[in-house]
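Remarks on the structure that follows.
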Amino acid sequence: MYRLIVELLQPFPVLCLLMAVALANLWRKRAETRGRLLLLTIPLVGLVMTCMPAVAHLALGSLEWGYPPRADRPPDVGAIVVLSSSVLLPDAIRREPELEEGTLYRCLHAARLYHRGEPCLVVVSGGPADTDTSDLTLAGVMHDFLREQGVAEEDLLMENQSTNTYENATQTCALLRRRGIRKILLVSTATHLPRAERCFRTQGLEVVASGCQYRATCLHWSLSDFLPSPQAAADVHRAFHEWVGMAWYWLRGRM
């Protein structure tokens with residue numbers, strides 16, 4: 001009960017409730033025409049629904065459930081390929097670049113897979129971290145982090161030119177073809193795997209997908225799962241980004 005009360009008193013659900021009350025009052029008084037009220041009601045209902053944890057769970061699940069978590073490394077893969085997300089750039093306070101949450105989870109997962117078998121090639125893929133800092137690349141920051149996690153220097157290979165998922169695939173596959181590698185273990189965030197795997201398969205590689213940072217794992221179907229929250233809104237946005245990205249890649253023949 002305490003948790004439910006705390007969630008009810010959060011700014012996001014309180015503001016949504018106040019908007020709903022104000023809209024209901026407008027309908028009651030009929031101060032506006034029915035058409036104008038519908039123009040306000042429909043977007044509000046859509047906004048509230050896309051901010052519900054239950055809706056976010058289904059949206060993320062549509063991407064994640066086709067890729068169950070796996071902790072094994074097939075013995076016949078020639079390389080582990082880790083895709084970047086982003087990094088936190090150095091500034092007046094942060095003296096060294098740091099892995100952003102998504103990239104951090106991907107690297108940690110890749111390091112675990114690396115240590116669950118004989119040493120193998122690990123490819124880190126990600127281009128310039130910032131146009132004003134040409135010498136700093138996502139792959140470079142990932143490389144240094146994986147070295148700290150015990151991945152041998154001779155087993156690390158950097159692809160540091162790509163700027164999106166499609167280029168991750170084309171640039172990495174070019175490096176792997178020169179080494180005669182045809183089968184890879186692809187590591188990325190679970191929601192990103194559908195788009196990433198299709199891109200790599202289109203390049204002619206045999207791909208075993210291994211996801212991390214799963215979000216659509218458990219839903220209790222309680223009242224709190226239907227209270228609007230900014231986290232749920234962010235999750236729906238993340239899922240929508242991936243579906244739009246896949247549609248765009250498909251139209252352009254990238255997957």
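The values are calculated or read from the model by the stated rules, or taken from the named source; none is laboratory data. Because the structure is predicted, anything quoted here is derived from the model rather than measured. Note that each Cβ is placed from the backbone with ideal geometry, even for glycine, and that neighbours are counted across all protein chains shown.
In the set GLU167, GLU242, GLU206, which member is over 27 Å from ASP130 (Cα atoms) and among the acidic types (Asp, Glu)?
GLU206
Of the residues ARG177, ARG198, ARG254, which single one is part of a helix (DSSP H, G or I), touching a Phe, Trp or Tyr at 6+ places or on another chain (Cβ under 9 Å) and either farther than 30 Å from ASP91 by Cβ or modelled with pLDDT of 95 or more (or both)?
Step by step, each of ARG177, ARG198, ARG254 is checked, and only ARG198 is part of a helix (DSSP H, G or I), touching a Phe, Trp or Tyr at 6+ places or on another chain (Cβ under 9 Å) and either farther than 30 Å from ASP91 by Cβ or modelled with pLDDT of 95 or more (or both).
Among the candidates GLY150, GLY211, which residue alone is at pLDDT 95 or above and assigned to a loop (DSSP other than H, G, I, E, B)?
Answer to the check: GLY150.
Would you say LEU99 is aliphatic (A, V, I, L, M), assigned by TED's automatic domain parsing to the domain that holds GLU167 and surrounded by fewer than 21 Cβ atoms within 10 Å (Cβ to Cβ)?
In short, no.
Considering only residues that are free of Cβ contacts under 8 Å to residues at least 40 places away in the same chain and in contact with a helix residue (DSSP H, G or I) (Cβ under 7 Å, 6 or more places away or on another chain), look in the range 205-238 and name the one that is surrounded by the fewest Cβ atoms within 10 Å (Cβ to Cβ).
So, considering only residues that are free of Cβ contacts under 8 Å to residues at least 40 places away in the same chain and in contact with a helix residue (DSSP H, G or I) (Cβ under 7 Å, 6 or more places away or on another chain), the one surrounded by the fewest Cβ atoms within 10 Å (Cβ to Cβ) is VAL207.
Does SER85 satisfy the condition of being in contact with a helix residue (DSSP H, G or I) (Cβ under 7 Å, 6 or more places away or on another chain), among the small types (Gly, Ala, Ser), surrounded by fewer than 21 Cβ atoms within 10 Å (Cβ to Cβ) and assigned by TED's automatic domain parsing to the domain that holds ASP155?
In short, yes.
Quick one: how many residues across the range 214-251 are under 29 Å from LYS183 (Cβ atoms) and in a loop (DSSP other than H, G, I, E, B)?
Final tally of qualifying residues: 4.
Find the residue count for the range 160-172, including only residues that are closer than 15 Å to VAL122 by Cα and at pLDDT 95 or above.
The number of residues fulfilling the criteria is 4.
With the checklist (1) in a loop (DSSP other than H, G, I, E, B); (2) at pLDDT 95 or above; (3) among the small types (Gly, Ala, Ser) in hand, flag the one item ALA110 doesn't pass.
(1)
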